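Read through the structure below, which is laid out as structure tokens, and then see the notes.
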Amino acid sequence: MKHYSPVKIVSIGKLLGPFVLLPLAILAFVRATTPLTESASGLSFDGRFYAAMAERATADITLSHHAPWCWRVLTPFLASLLPFSTLTDFTVLAFFSGWVNLALVYSILRKNRFSSLASVIGVLFYAGVFWSIKFSFYSPAYVDYQTQTFILAGMLLIVLKKYWPLPFLVTLAVLQKESLILLAWIAYADYSRSSGWLTKRSLSYLAILLFFPLIVVMLVRMLILSENFYSSMEAFLFYAGLHAALFTDPRHWPRLVLALFSGLGILPVILLCRVKTSCRFLQENPCWMWLIVVGTLQLGGGIDKARLLLFILPAMVVLATNLVDKMLTTPSARVWAWIAVTLGLHFYLGHHFTPMGTVDEYVRRMVPMHAPRDAYPMELARIGVVVAVWVIASILCVAPRWLRKVGRTGDT
């Protein structure tokens, strides 16, 4: 019989825990508590186009060749290779992507030198957001989950300073979604820290980052002819006008507040309590600042703000985990109570503890940009109660600790 040393057993346990057992437990919990959407027989709006692309010969061409969805070919192609029903194919991909994404989040947090315990809490911060995992089971025919895999993989490579695989990653990523070309700018910005912004070396790297992805984007649009007219410039101008109205008309501001909490859960409130600590971390690790900047700019590419916040969610998770990691240097019962309350409220905002209800009820709660205006007061009141509970818990559990730190470091 083969015997394993205690050291080898511990090493295997360190891999099984965060990379297998933790993701499986999260995915099993979310899957068990998430019904399939009733919209479009489980496909929902965008999913109709991707499902038609995966069905190929039997597809409705008005759906399978409808721009811009028809140019996002990677996930529908992978789904078409699986032997199940179309919806099951996408569900399998969503499950696998969720597993990979949770493992990537843990890897990123550990590579940022956070403790293993803080990193597990960071993974829960990520999983608690509705759009990260739960939406993949509620509406599996979307491509957001695999898109998130590319974002997380790209950020892990940047954190590791492994710049040369990134051109290949971005080239493949634009087959998933055209907006992922923005990863090239984050990679260039981080690479330029050591090589200089306008040096020959940096500019050559930028050219490599952009050249092949742009060629792929153009080839896809040449080879896949859309049934409808679509102009990227017209879409940009349309959304520019729409966002000008959203941000300048106070009547729309409640929508933006609701979208922020739908897209990021309790994380913005946590970060507001320690702004200087977060800013200091971003100064020391500017790749996360660039992800926030680029992710904020890409919010202009669509109307569903909550779902589009997925782009910057990894940065928010890293910043929140940084705060938790500092707190866990001297853990206490009060600190653990605060973490438990924070995670509970975060998962509540992510719709994990409440029934999904009808499609209209889901829209009113999680998609405020499409919700009727009469839904705002109730939803704002609900979020107000959540924030109030969190503030009270923070005052009772950790406020004295934070105030002592303010006195010593001038932090906020």
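Quick notes on this structure:
- Members of segment 45-73 that are of a type in the set (S, T, N, Q) and either in a loop (DSSP other than H, G, I, E, B) or surrounded by fewer than 21 Cβ atoms within 10 Å (Cβ to Cβ) (or both): Thr58, Thr62
- Selection within segment 258-291 - surrounded by fewer than 17 Cβ atoms within 10 Å (Cβ to Cβ) and touching a Lys or Arg at 6+ places or on another chain (Cβ under 8 Å): Pro286
- Checked against the criterion of being surrounded by 17 or more Cβ atoms within 10 Å (Cβ to Cβ), acidic (Asp, Glu) and either assigned to a helix (DSSP H, G or I) or within 22 Å of the chain's Cα centre (by Cα) (or both), segment 370-382 contains one or more residues that satisfy it.
- All positions within segment 349-365 that are of a type in the set (A, V, I, L, M) and under 20 Å from Ala388 (Cα atoms): Leu349
- The number of residues in segment 125-176 being more than 30 Å from Met356 (Cβ to Cβ), among the aliphatic types (A, V, I, L, M) and in a loop (DSSP other than H, G, I, E, B) comes to 1.
- Any hit, segment 390-400, residues being surrounded by fewer than 12 Cβ atoms within 10 Å (Cβ to Cβ), closer than 24 Å to Ser115 by Cβ, of a type outside the set (Asp, Glu) and at pLDDT below 95: yes
- Test set (1) at pLDDT below 95; (2) closer than 25 Å to Gly154 by Cα - Pro254 fails condition number: (2)
- Test result for Ala189, of a type outside the set (Lys, Arg), out of contact with any Pro (no Cβ under 6 Å at 6 or more places or on another chain), within 29 Å of Met316 (Cβ to Cβ) and touching a residue at least 12 places away in the same chain (Cβ under 8 Å): yes
- Matching entry among Phe125, Phe130, Phe135 (being closer than 25 Å to Ala52 by Cβ and either under 12 Å from the mean Cα position of the chain (by Cα) or buried (at least 24 other Cβ atoms within 10 Å of the Cβ) (or both)): Phe135
- Residue within segment 102-114 that is outside any helix (DSSP H, G or I), in contact (Cβ under 8 Å) with a residue 24 or more places away in the chain, surrounded by fewer than 24 Cβ atoms within 10 Å (Cβ to Cβ) and touching an Asp or Glu at 6+ places or on another chain (Cβ under 8 Å) present: yes
- Number of residues in segment 189-245 that are among the aromatic types (Phe, Trp, Tyr) and surrounded by fewer than 14 Cβ atoms within 10 Å (Cβ to Cβ): the value is 5.
A quick yes/no check of all residues on (1) over 22 Å from the mean Cα position of the chain (by Cα); (2) part of a helix (DSSP H, G or I); (3) not basic (Lys, Arg):
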{"site": "Phe229", "(1), (2), (3)": "yes, no, yes"}
{"site": "Ala259", "(1), (2), (3)": "no, yes, yes"}
{"site": "Arg280", "(1), (2), (3)": "yes, yes, no"}
{"site": "Leu299", "(1), (2), (3)": "no, yes, yes"}
{"site": "Leu308", "(1), (2), (3)": "no, yes, yes"}
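Here is a yes/no grid of residues against (1) closer than 25 Å to Leu299 by Cβ; (2) at pLDDT 95 or above:
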{"position": "Val324", "(1), (2)": "no, yes"}
{"position": "Met327", "(1), (2)": "no, no"}
{"position": "Thr342", "(1), (2)": "no, yes"}
{"position": "His346", "(1), (2)": "yes, yes"}
{"position": "Leu349", "(1), (2)": "yes, yes"}
{"position": "Tyr376", "(1), (2)": "yes, no"}
{"position": "Ile383", "(1), (2)": "yes, yes"}
{"position": "Ala388", "(1), (2)": "no, yes"}
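- Pairs with Cβ under 7 Å, 6+ apart, first in segment 276-305 and among the small types (Gly, Ala, Ser), second part of a loop (DSSP other than H, G, I, E, B): Gly295/Ile312
- Taking the criterion of being assigned to a helix (DSSP H, G or I) and of a type in the set (Asp, Glu), the only residue of segment 231-257 that qualifies is Glu234.
The values are calculated or read from the model by the stated rules, or taken from the named source; none is laboratory data. Worth saying up front: this structure is predicted, and the values here are computed from it rather than measured. Heads up, the Cβs are rebuilt from the backbone with ideal geometry, glycines too, and the neighbour counts pull from every protein chain shown.
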